[in-house]
Amino acid sequence: MQMLVLGGTVFLSRAVAAAALAAGHTVTCVSRGVSGAPPDGAEAVTADRSRPGALAAALHGRTLDAVVDVATMSAPWVRDALDALHGRFGHWTFVSSVNTYADLSLRGGTVAQPTLAPLHGRPDEELAKRDPDVYGAAKVASEQAVRERAGDRAHVVRGGLMCGNGDLSDRYGYWADRFARGGRVVVPDVPAQPMQLVDVDDLAAWIVACAADGTTGTHDGTGPRSTLDRVLAATAAAVGAGDLELVRVPEPTLVEQRMGSWAGPRSLPLRLPEELWGMVDRDVTATLAAGLTPRPLADTARAALAWDRGLGAGRERRAGLTDAEERAVLRALG
């Protein structure tokens, strides 16, 4: 199979390229060339998608069996890619997001639930980072473009929390690193909170297999339903130091200490307000039936830790607590 990956140098798109190569496919990766090289064995093509016509020029005359696009939040980029390859592709995968759903408090939802109204332009990136609805609305517009132009050859994958090798968000990697360093570790005492994640390599392998098999339609791209308690406990069991002690901090204390949630500085990553619990509690029965095969969480934890250590000790993290912030929370407990 001749596969085109739009990206191929960072996290999921790189994992998709690597999975396709491992499956014996011929892979071309198109990127701006500023985030590193694609996996060995893939052809690298340079094109800046922000420049109208750049992609069409770079891919002129090529015919592909499958295309995978992970464009983050630009419906015009998605439409341009589809137009650039009009009539010259077989299967088209677009990686969307669970942020597309209008009601993120709904637990156990499926892909049939309503989505946000589409945002057809390119949103301000900083605003999209702060407002998940902006990000989700841009993804909805991109999904619409894919369905309009690819029709019954389209596969839309609404990605959830992706973890493991190559993750730069620190949302899950923070916990793997912190548990491995041991000692008393602040964790949120939220036993009822759901949690759902997928190893990026499992998601990538499934995306490639779906392209090869001609799977179409819409699926949530995440793993089985669990709880944050169980995820953190399993991570600690896999990579925790011998002297590790999980110190459960009640929600009122976390609020009093101005702890952020989900991601970002001064946060306990993956902790979510209840109105967003549906984002990590999707009914993925159809996804698992379509072949997504999650590995044991312990393997993802070890991959996340190895990746984190490769980034270097003492770096400034995008999410989590500094040592000083964690000590302050522990002191507040008395």
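When Gly164, Gly151, Gly90 are screened for being on the phi > 0 side of the Ramachandran plot, small (Gly, Ala, Ser) and touching a residue at least 12 places away in the same chain (Cβ under 8 Å), only Gly164 passes. Scan segment 222-243 for residues that are in a strand (DSSP E or B) and farther than 15 Å from Thr300 by Cβ and the total you get is 1.
Apart from one condition, Ala289 fits all of (1) touching a residue at least 40 places away in the same chain (Cβ under 8 Å); (2) closer than 19 Å to Thr93 by Cα; the exception is (1). In a residue-by-residue description of segment 85-98, the property of being surrounded by fewer than 23 Cβ atoms within 10 Å (Cβ to Cβ), among the aliphatic types (A, V, I, L, M), at pLDDT 95 or above and assigned by TED's automatic domain parsing to the domain that holds Gly7 applies to at least one position. Exactly one residue out of Leu203, Leu244 is surrounded by 21 or more Cβ atoms within 10 Å (Cβ to Cβ) and closer than 24 Å to Arg309 by Cα: that is Leu203.
The set of residues in segment 293-334 being loosely packed, with under 10 Cβ neighbours inside 10 Å and among the small types (Gly, Ala, Ser) consists of Gly310, Gly312, Ala313, Gly314, Ala324, Gly334. Counting just the residues of segment 249-265 that are part of a strand (DSSP E or B) and more than 18 Å from the chain's Cα centre (by Cα), which one comes out surrounded by the most Cβ atoms within 10 Å (Cβ to Cβ)? For segment 249-265, the residue satisfying everything is Val249. For the structure I just gave you, tell me whether Val208 is in a helix (DSSP H, G or I), more than 30 Å from Val329 (Cα to Cα) and in the same structural domain as Ala15 (by TED's automatic domain parsing). Criteria not met by Val208. Every condition in (1) assigned by TED's automatic domain parsing to the domain that holds Val186; (2) of a type outside the set (Asp, Glu); (3) closer than 28 Å to Phe94 by Cα holds for Gly240 except the one numbered (3). The conditions of being closer than 15 Å to Leu321 by Cα, in contact (Cβ under 8 Å) with a residue 60 or more places away in the chain, part of a strand (DSSP E or B) and in contact with a strand residue (DSSP E or B) (Cβ under 9 Å, 6 or more places away or on another chain) are met by Leu246. Residues in segment 213-225 that are surrounded by 17 or more Cβ atoms within 10 Å (Cβ to Cβ) and more than 17 Å from the chain's Cα centre (by Cα): Thr215, Thr216. For Gly36, the test of being out of contact with any strand residue (DSSP E or B) (no Cβ under 7 Å at 6 or more places or on another chain), closer than 18 Å to Trp92 by Cα and modelled with pLDDT under 95 is failed. On the stretch given as segment 177-201, residues that are within 20 Å of the chain's Cα centre (by Cα) and of a type in the set (D, E, K, R) total 3. Taking (1) assigned to a strand (DSSP E or B); (2) among the aliphatic types (A, V, I, L, M); (3) not assigned by TED's automatic domain parsing to the domain that holds Asp229 in turn, Leu268 satisfies each apart from (3).
The values are calculated or read from the model by the stated rules, or taken from the named source; none is laboratory data. Here the structure is a predicted model, which means the values were calculated and not measured. Glycine also receives a Cβ, built like all others from the backbone with ideal geometry; neighbour counts cover every protein chain displayed.
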